[in-house]
1. Note down all Cβ pairs under 9 Å where the first residue falls in region 163-182 and is more than 23 Å from Ile105 (Cα to Cα), the second is of a type in the set (Asp, Glu), and they're at least six residues apart or on different chains.
2. Residues that are over 20 Å from Asp56 (Cβ atoms) and touching a residue at least 40 places away in the same chain (Cβ under 8 Å): does region 112-119 have at least one?
3. Determine whether region 115-125 contains at least one residue that is under 15 Å from the mean Cα position of the chain (by Cα), in a loop (DSSP other than H, G, I, E, B) and either within 22 Å of Val27 (Cβ to Cβ) or not small (Gly, Ala, Ser) (or both).
4. Identify, please: which residue in region 160-194 is touching a strand residue (DSSP E or B) at 6+ places or on another chain (Cβ under 9 Å) and among the charged types (D, E, K, R) and is, among those, nearest to Thr28 (Cα to Cα)?
5. I'm checking my understanding of the structure. Among residues of region 127-145 that are assigned to a strand (DSSP E or B), touching a Phe, Trp or Tyr at 6+ places or on another chain (Cβ under 9 Å) and of a type in the set (A, V, I, L, M, F, W, C), which one is farthest from Gln155 (Cα to Cα)?
6. Could you figure out which of (1) modelled with pLDDT under 95; (2) over 14 Å from the mean Cα position of the chain (by Cα) isn't true of Ser75?
7. Determine which single condition Tyr71 fails, assuming it passes every other condition in (1) loosely packed, with under 15 Cβ neighbours inside 10 Å; (2) of a type in the set (Ser, Thr, Tyr); (3) under 11 Å from Ile6 (Cα atoms).
8. Within region 90-101, which residues are part of a loop (DSSP other than H, G, I, E, B) and either more than 17 Å from the chain's Cα centre (by Cα) or crowded, with 22+ Cβ neighbours inside 10 Å (or both)?
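The values are calculated or read from the model by the stated rules, or taken from the named source; none is laboratory data. Note that the coordinates shown come from a computational prediction; the quantities given were computed from them, not determined experimentally. Cβ atoms come from the backbone with ideal geometry, glycine included; neighbour counts cover every protein chain shown.
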Amino acid sequence: MTKVLILGANGQLARNATRVFLETTDVTLTLYLRRARRLANPDPRRVAIVEGDVVDAGALSAAMQGQDMVYANLSGDMARQARAIIDAMHAAGLKRLIFISSMGIYGEVPGEHYRSILDPYRDSAALIEHSDLDFTILRPGWFTDDEEVDYQITQKGEAFRGHDVSLNSLSDLIVRLATSPALHVRASLGVSRA
């Protein structure tokens, strides 16, 4: 049975992905977040909740023990967090990372020029891309609450198509990546509505 550690587990996308994991797979989850009391355990048989900060090396390394992969859904000082994740994954012998970034980090969105607001996403993606991890960076458009699962993927170097993507679509892709660990390894994928 696959074991997935979700970092930033109280985020909107992470909560939705947790639901999709539980509804569509037999994966077991460890939900890692700074204030555990903010999150109710959706299935105590398959879910453990761990309180910790991603930049706390000891807590993060402990949470990674016995996991098969890491899915990171973070904000804030993302470069510092990315370095902490890379180091902890090396220490735990983990290779597979799914990391949420943002559209626009490579200037790939036609007609848009995102500047310093994307620096944390840009900097963390660069650190991950230069690591030896089996990463997939996802660069979604703006999240919507639409029910449909309907998305398209663009590769790094291709123009981003569309703008929005539903939480369900992005969660579907995250679950597919987690349950097919060789899918889109060492890739940075733009994700938008098809």
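1. Correct list of pairs: Ala178/Asp68; Pro181/Asp68; Pro181/Asp134; Ala182/Asp134.
2. No.
3. Checking region 115-125: not a single residue is under 15 Å from the mean Cα position of the chain (by Cα), in a loop (DSSP other than H, G, I, E, B) and either within 22 Å of Val27 (Cβ to Cβ) or not small (Gly, Ala, Ser) (or both).
4. Step by step, filter region 160-194, then rank; the result is Asp172.
5. Looking at the filtered set, the residue picked out is Phe135.
6. Failed condition: (2).
7. It is condition (1) that Tyr71 fails.
8. Selection gives Gly93, Ser101.
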